[in-house]
Structures are given as structure tokens and as C-alpha cells.
Amino acid sequence: MPSPSSDAVTTAAHPGGTHPLRLPPVRWLLLLVALMALASATALWLTLQQARQLGQPDQHSDLWYVSSVNSELARVRLLSHQLLAGEASADELMLRLEVLYSVLDNTSALPKLSDRLHGRLPNTAATLRELAHHVDAWLHTMDNNPAAHSEQVAREITRWADLLQQQARTAVADVHVAATEDNDATRQSLYQRFVLLSLVLAGLLVGTAALIWYLLQEARRARRISLALSQTNQLLETRVVERTRQIEEGRLLLSFILNASPSDVLLIAADDGEVFFINQRLIQRLDLTRPPQHMRVTDLLHDDAQCQALMEGLDRYGEVDGMEALLGHKPPTWCSLSARLIEVDGRLGHLFWSFDITPHKRLEAQLRELATTDPLSGLDNRRAFLDKSAALLEHCRRHHQDCAVLMLDIDRFKAINDRHGHAIGDQAIIACAKIMRATLRDADVLGRMGGEEFAALLPLANDKAALDTAERLRSAVQALYIPLENGDDLRFTVSIGATQLGGRDTSVEGLLVEADEALYRAKAEGRNRVVTHLPHTPATSETTSLP
């Protein structure tokens with residue numbers, strides 16, 4: 001059903017209910033103008049092609065060609081007379097004949113020239129071929145011995161020169177006449193195309209004028225319609241204001257809910273990092289005094305690798321769920337982070353929310369430490385030592401580096417426990433572990449294998465370095481003492497077995513077995529000494545003991 005405003009517009013446009021002169025739709029006028037413009041462009045292109053053809057450098061190439069042949073033939077004729085008179089040499093005649101032959105050979109330099117001559121002037125083309133045949137024969141005669149045959153060729157040239165010269169002049173005249181006729185035909189064609197172009201341009205001008213008149217009529221009608229639309233716009237503006245108020249109230253409610261949320265919430269622009277929203281909980285967690293205007297993911301997360309993984313997930317999948325990451329910088333805290341790629345007011349944005357999992361990560365670290373650390377000595381337990389040593393041993397083997405393994409055992413440990421009690425025995429184990437940490441390097445892997453037995457893996461340590469290290473460790477334990485309650489000091493020693501990787505393809509367990517064999521040899525030889533197992537003698541193992 002038509003609205004009152006549309007009725008008013010119709011009445012204003014056609015007063016009295018009468019219809020004005022019916023105009024063709026604007027699309028038809030545009031189509032007509034486009035066709036005329038296309039016709040104008042086509043006519044102009046054809047005209048330019050004709051004009052370009054007139055301006056080509058080879059327009060008069062036929063005339064130039066036959067003129068050059070005539071000129072060169074005259075020079076050959078003159079040079080032949082001079083040679084017979086003794087005024088020129090055979091080499092000069094042969095050189096001039098070669099120049100004449102190169103001028104006659106137009107197949108490679110001017111391929112179109114030969115086609116025009118054969119098509120328009122067959123007699124001229126035949127004359128030139130005949131001349132080329134004579135020149136080729138003369139050159140062939142002089143090729144073997146120019147000095148011997150030069151006079152013979154010169155006489156032949158003199159005999160044929162008049163006839164050939166006359167034919168060449170005739171060819172020049174024929175080509176000149178043909179070129180003149182071609183130019184006249186081209187000028188006629190160009191004139192006709194200019195006339196056609198003028199007619200098409202005139203039609204284009206008339207069509208453009210009709211289109212402008214029609215557009216002016218439509219502009220007047222559009223002004224009348226705009227008056228009716230202004231009332232509609234006022235009504236729409238009122239509704240937009242009301243809707244904007246409702247949206248703002250919704251945003252305030254959402255902001256209140258997000259601020260009261262137990263999670264951290266952040267919404268930023270994807271292109272420049274403009275902060276659309278950040279709740280108070282996240283502001284406090286990041287130790288900020290006020291909400292920032294701009295923020296990047298690097299400002300939110302502590303670790304660059306985690307930032308890169310988060311952005312790669314957003315770019316590839318548009319979302320990331322439950323990613324464990326370090327949040328903030330002063331100091332960073334562990335969180336479970338999720339993110340979404342969303343659109344905000346026509347702009348692409350990143351929505352982040354997270355939950356604090358610091359207590360969970362702290363408990364996880366404690367459990368991991370309990371699972372990998374010996375509680376009495378503080379060294380790696382057997383499982384952790386084997387895992388770390390396997391990775392380090394593989395690195396040394398791959399890079400062809402030295403690596404040594406030490407097995408250490410407290411001498412007469414059972415007697416210490418039986419005589420002084422297990423508490424003193426535990427102190428001996430703790431003291432031995434401290435000596436190992438103080439004597440060995442940070443890069444070495446240390447572990448308590450069980451009871452009073454310890455192990456160490458020494459990367460980049462050759463035979464001598466391993467023995468020196470083991471001897472320092474033995475001497476340090478020998479100098480150690482533990483005060484007892486009765487005022488005496490407990491002193492104890494250790495025995496150490498050592499082995500070397502030596503470029504072999506063996507495992508950590510295999511090296512530990514070899515070091516353990518060397519350790520038992522040290523025990524058997526009197527204890528408080530270092531014994532080395534030599535892995536390069538598989539049949540029997542040699543030992544080196546240090547008193």
C-alpha cells in the first residue's frame with residue numbers, strides 16, 4: 001500500500017494527474033552513449049592505424065631498395081672500367097661486388113620488401129633476381145683467385161653493365177610510380193575514415209546532450225523526493241537515538257557483569273591494539289594504575305613463545321581454549337587463557353579471558369620435584385638421573401664429544417649406621433651430596449641411585465679430566481668430618497668407579513654397569529680409591545687405582 005508521502009511526491013511530480021513527455025530510461029541513454037563512444041574509439045583507432053602506417057620508416061623502402069641497387073651497380077660498373085685501366089685492384093672490385101650482393105639480398109633484412117615487389121611488380125622482381133644471379137656468378141668466379149680472374153669478371157661486367165643499368169633505371173621508375181599510387185590510395189582511405197570519425201563524434205555529442213537533459217530532469221524529481229524523505233529521516237533519527245540509549249544501557253550492564261566476573265577479561269583491536277574493554281581484576285593483576293588506551297599481546301603475556309603460539313592459533317582457527325600461559329610481567333602469574341577473534345563495531349578484535357591457576361602450577365611443581373628429587377640428599381633420584389643422562393649422552397654421541405660416568409659409594413656405610421645410628425648415616429649421605437655439588441660442575445648430572453650409592457655423568461670430560469675430578473671428590477670426602485654428640489668426629493671415605501663413552505654406541509645403563517664394576521674393584525682393592533674401567537678393551541677390563 002503506498003504511503004501518503006509517496007502519494008504527495010507523485011502529485012507534485014505530475015500536477016493535475018497528467019503525464020509529461022515520456023522519456024527513455026537512463027540505462028538506455030547510457031547504453032546509447034556507450035555504443036557511440038565505442039564506435040568513436042573504433043573509428044579513431046582505425047584512423048590512427050592508417051596514420052601510423054603512413055609514418056612507418058619502411059613506407060618508401062621499395063624505392064630506396066631499387067635506388068640503392070642502381071647506385072651500387074653504377075659503382076661496380078665504374079670500378080670495372082678502372083680495373084681494366086689499371087686504376088683499381090681486384091680486391092676493391094670483389095668488395096664492391098659483395099656490397100652489391102648484400103643490397104640485393106633482402107630476404108633476411110627486409111622480408112616484406114620482396115613480397116611487395118613480387119606481388120605488385122613481378123617484372124621488377126625478375127630483373128633484380130637476374131641481377132643477383134649475375135653478381136653471384138661473378139663472385140663465384142673471383143672466390144678462388146681474385147687476381148687471376150678479376151680482368152675476366154671486369155670485362156663481363158662491362159659487357160652486361162649497360163643492359164643491367166637500363167633495367168635498374170626502369171625498376172626505379174616502376175617502383176616510384178607504384179609508391180605514388182599506394183600513397184594516393186592511403187590518403188583516400190584516411191580521408192574517408194576522418195569523415196566517418198566526424199559523423200560518429202557528432203552522434204556521440206547528440207547522445208551526451210540528451211543524457212544531460214534527462215539527468216537534469218531526474219535531478220529535479222530527486223529534489224522533490226528528498227523533501228518527502230526528510231520527514232522519514234527525522235522519524236528514523238528519533239528511533240536511532242532511542243535504540244542507541246538501549247544499547248548503551250546494555251553495554252553498561254555487560255561492563256558491570258564482566259567487572260564482577262571472577263575471570264580476567266580484555267577486548268582489544270586486532271590492528272592497532274586499541275583497548276575496547278578491560279575489567280578491574282585484570283588491571284590489578286597487571287599492576288596498572290588506570291585502564292590503558294592501547295595494549296599488545298606482548299604486554300599481556302610474559303613469554304614471547306607463548307605470545308607467538310597464541311597469535312598463530314587465533315590466525316589459523318579464530319579461537320584458543322585453555323592455554324596455560326604466564327600473565328603479566330611484575331611478577332608473572334600462571335593462568336588458563338582463552339581467546340576469540342570477534343568483530344567490534346565493524347573492526348576485528350581479540351577477546352581474552354583467563355583464570356588464575358598459580359596455586360595449581362605451584363602444586364604441580366612441588367609434585368614434579370617430589371617425583372624427580374631424592375628427599376634426603378636433594379639430588380636427582382634414580383629415574384630423573386637416568387632421563388637427564390640419556391638425553392645428555394645422546395647429545396655427546398651425536399657431536400662426537402667425550403663423556404664420563406662416575407659411580408660413588410660410601411665405604412663401610414653399614415658400620416656407620418650400626419655404630420652411630422641412622423641419623424648420623426643420613427648426615428653422611430647429605431654431606432656427601434653437598435661435596436658432590438660443590439666439587440662437580442653445573443653442567444654435570446648428579447643423582448642418588450639408592451642407599452649410600454651416587455652417580456655422576458660428566459659431559460666433555462676425557463679420561464684425564466674424569467680421573468682428576470674423581471680424585472678431587474675422593475679427597476674432599478676424606479677431609480670431611482661430622483661432629484658427634486660425645487665430642488668425637490666421624491670421618492669416612494668413598495670409593496669411586498669411572499668409565500668413559502669413548503665414541504661407542506652404548507646406553508647410560510651400560511656405562512653405569514661398567515662404572516659399578518670399577519667401583520667394586522676399588523672396594524676389593526682396599527677402598528678410598530678411584531678405579532677406571534677402560535671400555536676400549538671388551539674382552540677384559542683394565543683398572544687404574546689411585547691410593
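A few remarks follow.
- Only listed residue being within 13 Å of Leu467 (Cα to Cα), assigned by TED's automatic domain parsing to the domain that holds Met449 and at pLDDT 60 or above, chosen from Arg529, Arg521: Arg529
- Residues that are among the β-branched types (Val, Ile, Thr) and loosely packed, with under 14 Cβ neighbours inside 10 Å, drawn from region 149-178: Val177
Here is a yes/no grid of residues against (1) within 14 Å of Gly378 (Cβ to Cβ); (2) surrounded by fewer than 21 Cβ atoms within 10 Å (Cβ to Cβ); (3) modelled with pLDDT of 95 or more; (4) not polar (S, T, N, Q):
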position: Arg419; (1), (2), (3), (4): no, yes, no, yes
position: Ala423; (1), (2), (3), (4): no, yes, no, yes
position: Asp426; (1), (2), (3), (4): yes, yes, no, yes
position: Ala431; (1), (2), (3), (4): yes, yes, no, yes
position: Arg437; (1), (2), (3), (4): yes, yes, no, yes
position: Arg441; (1), (2), (3), (4): no, yes, no, yes
position: Gly450; (1), (2), (3), (4): no, yes, no, yes
position: Ala455; (1), (2), (3), (4): no, no, yes, yes
position: Asn462; (1), (2), (3), (4): no, yes, no, no
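- Set side by side, the residues Ser338, Ser377, Ser354 differ, and just one is assigned by TED's automatic domain parsing to the domain that holds Gly451, of a type in the set (S, T, N, Q) and touching a strand residue (DSSP E or B) at 6+ places or on another chain (Cβ under 6 Å), which is Ser377.
- Phe276 closer than 30 Å to Thr244 by Cβ and either of a type in the set (Gly, Ala, Ser) or in contact with a Ser or Thr (Cβ under 9 Å, 6 or more places away or on another chain) (or both): no
- Contact annotation: no residue pair with Cβ atoms under 9 Å, 6 or more positions apart or on different chains, pairs a residue in region 374-386 that is under 11 Å from Met449 (Cβ atoms) and free of Cβ contacts under 8 Å to residues at least 24 places away in the same chain with a partner that is outside any helix (DSSP H, G or I) and hydrophobic (A, V, I, L, M, F, W, C).
- Whichever residue in region 241-256 is β-branched (Val, Ile, Thr) and under 30 Å from Leu266 (Cβ atoms) and, among such residues, is modelled with the lowest pLDDT: Ile247
- Test: residue in region 307-315 that is among the polar types (S, T, N, Q) and modelled with pLDDT of 85 or more: yes
- Residue-level check: of (1) outside any loop (DSSP other than H, G, I, E, B); (2) in contact (Cβ under 8 Å) with a residue 12 or more places away in the chain, Cys307 misses just (2).
- Residues of region 136-148 classified as without any contact (Cβ under 8 Å) to a residue 40 or more places away in the chain and either not hydroxyl-bearing (Ser, Thr, Tyr) or not in a helix (DSSP H, G or I) (or both), total: 7
- Members of region 141-187 that are out of contact with any Ser or Thr (no Cβ under 9 Å at 6 or more places or on another chain) and among the β-branched types (Val, Ile, Thr): Thr141, Val177, Thr180, Thr186
- Answer from Glu156, Glu151 - the residue that is part of a helix (DSSP H, G or I), in contact (Cβ under 8 Å) with a residue 60 or more places away in the chain and not aromatic (Phe, Trp, Tyr): Glu151
- Under the condition of being touching an Asp or Glu at 6+ places or on another chain (Cβ under 9 Å) and closer than 21 Å to Gly349 by Cα, the residues counted in region 321-334 number 3.
- Qualifying residue in region 308-322 (condition: touching a Phe, Trp or Tyr at 6+ places or on another chain (Cβ under 8 Å) and over 30 Å from Arg448 (Cβ atoms)): no
Quick grid of which residues meet (1) modelled with pLDDT under 55; (2) surrounded by 12 or more Cβ atoms within 10 Å (Cβ to Cβ); (3) not in a loop (DSSP other than H, G, I, E, B):
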residue	(1), (2), (3)
Met36	no, yes, yes
Ala43	no, yes, yes
Leu46	no, yes, yes
Arg52	no, no, yes
Asp58	yes, yes, no
Leu63	no, yes, yes
Ser68	no, yes, yes
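- Residue check, Leu408 in contact with a strand residue (DSSP E or B) (Cβ under 7 Å, 6 or more places away or on another chain), among the aliphatic types (A, V, I, L, M) and modelled with pLDDT under 90: no
- Checking Ser507 against (1) over 53 Å from the mean Cα position of the chain (by Cα); (2) closer than 22 Å to Cys396 by Cα; (3) of a type outside the set (A, V, I, L, M, F, W, C), the condition it does not meet: (1)
- Condition met for Thr506 (at pLDDT 90 or above and of a type in the set (Val, Ile, Thr)): no
- Pairs where the first residue, in region 202-213, is surrounded by 12 or more Cβ atoms within 10 Å (Cβ to Cβ) and the second is modelled with pLDDT under 75, C-beta under 8 Å, 6+ apart: Gly207/Leu29; Ala210/Leu29; Leu211/Val26; Leu211/Leu29
- No other residue among Leu216, Leu201, Leu211, Leu190 is modelled with pLDDT under 75 and under 60 Å from the mean Cα position of the chain (by Cα) apart from Leu190.
- Condition check for Ala476: within 23 Å of Thr532 (Cβ to Cβ), more than 53 Å from the chain's Cα centre (by Cα) and either modelled with pLDDT of 90 or more or in the same structural domain as Val530 (by TED's automatic domain parsing) (or both): yes
- Per this entry, Gly447 is counted among residues that are in contact with an Asp or Glu (Cβ under 9 Å, 6 or more places away or on another chain) and closer than 23 Å to Ile416 by Cα.
Yes/no per residue for (1) of a type in the set (Val, Ile, Thr); (2) closer than 25 Å to Pro122 by Cα; (3) not assigned by TED's automatic domain parsing to the domain that holds Ser102:
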{"residue": "Trp138", "(1), (2), (3)": "no, yes, no"}
{"residue": "Ala154", "(1), (2), (3)": "no, no, no"}
{"residue": "Ala173", "(1), (2), (3)": "no, yes, no"}
{"residue": "Val177", "(1), (2), (3)": "yes, yes, no"}
{"residue": "Ser189", "(1), (2), (3)": "no, no, yes"}
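The values are calculated or read from the model by the stated rules, or taken from the named source; none is laboratory data. Just so we're clear, the structure is a prediction, and the values are computed from it rather than from any experiment. No Cβ is skipped: glycine too gets one built from the backbone with ideal geometry, and neighbour counts run over all protein chains shown.
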